Every structure is written in structure tokens, then in C-alpha cells.
Amino acid sequence: MTTIDCNQMAALANSKFLRFSLITNLIITSLTVPILFWATWRLWSMKYSKLFHTNFKIIIQLHLFGFGLHCTGRIILHSIDLINYTTRDNPCDMVPNIYRCFILRLMYNAGLWITNSTAVSLVIERWLATKRSATYEEESVMLGVFLAALQFVIAAIPLSVLYSKIQFDGVVMYYCVTAQASLPYVGQMSAVVGFVFQISARFSFHYLYRRNKVRVAVAYSDENSRTIHIQHNRESIQHSTLSNRYQLEQNISSISCLKTFANISTTFIVLYDGCYIALMYLADSLEPYQYFGILEINLAFPTYAIISIMVLSRSMKKIRKRIGITLVGHLKTSNNYYHDNFKRQIA
């Protein structure tokens, strides 16, 4: 028979610090949910979103889904705990159900890792957009679906390690957590992996940005620098050049936006991972209610969601204006300019 220490449960339930942590996180998380719906609406319905390839939008949507999954699990988890702490008189009745802990904490952590893995999918997608700039506008959405599936696989790897030795029979959890005594370093390793993802993405976006800058410079200095067959007519050359330029300009603008986004993500991951690793080492010197309260405050994922969404939305507005101005300038260019340049190329 499983022995329950009611005094330990009472210490958690009566902790003002833990309640403050849960209430604060619950309020912020609840405010995040409507912002996620707003971001989804803007991603697929607003005019500026048409400037982005569907593959790009699929990955961003999965990123928002990860935030939503995390927030949903967190809202339910914190709400149940607070209700139990304030409405039940017997501390023994407040002990969380182990299966409820497993499901809600899995949502909590799965959402976190899905968003952490977005960096990998975005780097691959923007790399392909750069490599296939001449034809990427017609690229199938199956690529976006594949990258989304890849993102789920990447997120599943640390989660499978984290939950590999979970037990249900005879286990009592006074607070729903994932850390296991049998795997003491899994949390630290997960923090390091998340940090590597974000740092790698930041350097990758910088490389892709510079590469697209060079290609645009070449495109402007030589309108038809690629191999041109004489039998192509003037209209097809003009369309190809304009389309390729548009994609290159879009790549630069998107990656510039993603560099800002990566900076935010990296800053958050560095702060979170640093505090988390320090908390793991100091855990033995803290009371349980202090440890759990600090743990929830440190994982300010909903706050990170709000900030990153607002910054990304503002960056996308700038992208729309920049691409629009550039494209209009190309469209106003006289056809004679392309015709004369073509004749110079074949002379």
C-alpha cells in the first residue's frame, strides 16, 4: 500500500509563495491563448501573409500550436492545483492523480519541445528557399508537411528520454513534475540541446542572409546572369527575372525577420537554461515549495510567446512594405529595358 505524507502535501498547499507563482503563471498563460488565436488569424488571413510561402506558414503555425499545447496543459494543471489547495480541507485529498500529472505535464513539455524544434525546420525551409529561389514559389506544400512531421520527430526524441523510465504503480507525486531521480541529468541535457538548437539557428540565419544578399547583388548587376537560351522570348525572361528577384528579396526579408526572432529565442533559452541548471544544483538546499515555485516562475514560456509573437508580427509588417516597394519598382521598369539588356547578352 502506498504511504502518503499528508504533512508534505499540506506544506505545499499552504505555501503563499507557491500559490503566488501558480496564480501569476495562470494569469499570464490565460492572456497568451487569445494572442495565439490572433496570431493564427493574421498568419493565414491578412494581406501580408500572402507574401510568404505556404511551407513557411505551416512551420510557423506548428510553432503556434506548440505554444497552445503548452499553455493548455499549464492552464489546466495550475487551475486544478489551486482549486485543490483552496477548497479541500484534508491535505491527503489534494495529492495529484499520477495519470493526470502524466497527461498534463506531457502537454506542458511537448509544447515546449515543439517550439524549440521550430528552429531546425525553419533553417531547412529557408535553406531550400535560397537554394531553389528560381522555382521555390511553385514548391509543393508537401515539403512543409514533411518538415512539420520532422519537427514532431525531433521533439519526440528528448521527450522519449525524459519519460523513458516513468512509473505509475506505487508512485506518489505531491506536485506534478517530470524530473526523475533515476535520470538526474536529463533536465540539464535537455537544456543544453535547446540552447544548441537556438544558437545554431541564429548562425544559420545569418549565413543564409548573407548568401541571399550576394545573390541579389548579382541579380541586380546582371539581369540575366544565368544561362539564357536565345529562343526564349522577351516576356519569359522578364517574368523569370522578376520572379527570381522577388523570391530572393523575400528570402532576405524573411531571414532578417527570423534573425530577430532567433535573437529573442536565444536570449530566452540562455536565461531559462542558466537559471534551470542552477536550480537543479541548488534543489537539495531548497524547500519543496520553494523549488516548485521558482521552477514555474523560471519557465516563463507564455511570456516568451507573447513577446516573440508581437516582435514577429511587427517584423512581418515591415517585410510587406519592403517587398511591396521593391516589387512595384520592378513592375514600373520599362519593358524596353529588359529587351535592350537581353540584346546585349546575346550580342
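The values are calculated or read from the model by the stated rules, or taken from the named source; none is laboratory data. This structure is a prediction, so every number in the text was calculated from the model and none was measured. No Cβ is skipped: glycine too gets one built from the backbone with ideal geometry, and neighbour counts run over all protein chains shown.
Worth pointing out:
- Test: residue 274 is assigned to a helix (DSSP H, G or I), among the small types (Gly, Ala, Ser), buried (at least 16 other Cβ atoms within 10 Å of the Cβ) and at pLDDT 75 or above: no
- Cβ-Cβ contacts under 8 Å between residues 6 or more apart (or on different chains), taken from a first residue in region 72-99 that is without any contact (Cβ under 8 Å) to a residue 40 or more places away in the chain to a second residue that is buried (at least 19 other Cβ atoms within 10 Å of the Cβ) and outside any helix (DSSP H, G or I), are listed as 80/96.
- Among the candidates 100, 74, the residue that is part of a helix (DSSP H, G or I) and within 29 Å of residue 270 (Cα to Cα) is uniquely 74.
- Residue 26 being in a helix (DSSP H, G or I) and under 19 Å from the mean Cα position of the chain (by Cα): no
- Residue selected from region 96-136 under the condition among the β-branched types (Val, Ile, Thr) and under 19 Å from residue 211 (Cβ atoms), by the criterion surrounded by the fewest Cβ atoms within 10 Å (Cβ to Cβ): 135
- Within region 283-314, if we keep just the residues that are small (Gly, Ala, Ser) and within 16 Å of residue 77 (Cβ to Cβ), the residue that is surrounded by the fewest Cβ atoms within 10 Å (Cβ to Cβ) turns out to be 300.
- Selection status of residue 43, part of a helix (DSSP H, G or I), farther than 19 Å from residue 154 by Cα, of a type in the set (A, V, I, L, M) and modelled with pLDDT of 90 or more: no
- Pairing residues of region 121-133 that are among the aromatic types (Phe, Trp, Tyr) with residues that are in a helix (DSSP H, G or I), at Cβ distances under 7 Å and at least 6 apart in sequence or on separate chains, gives 127/208.
- Among the conditions (1) at pLDDT below 70; (2) within 29 Å of the chain's Cα centre (by Cα); (3) among the hydrophobic types (A, V, I, L, M, F, W, C), residue 331 misses just one, which is (2).
- Some residue of region 176-187 being closer than 28 Å to residue 13 by Cβ, hydrophobic (A, V, I, L, M, F, W, C) and modelled with pLDDT of 80 or more: yes
- Verdict on residue 165 being more than 29 Å from residue 260 (Cβ to Cβ) and either modelled with pLDDT under 75 or out of contact with any helix residue (DSSP H, G or I) (no Cβ under 6 Å at 6 or more places or on another chain) (or both): yes
- Every residue from region 71-112 that is touching a His at 6+ places or on another chain (Cβ under 9 Å), among the hydrophobic types (A, V, I, L, M, F, W, C) and at pLDDT 90 or above: 107, 110
- Just one of the listed residues (81, 93) is of a type in the set (D, E, K, R), farther than 30 Å from residue 259 by Cα and surrounded by 14 or more Cβ atoms within 10 Å (Cβ to Cβ), namely 81.
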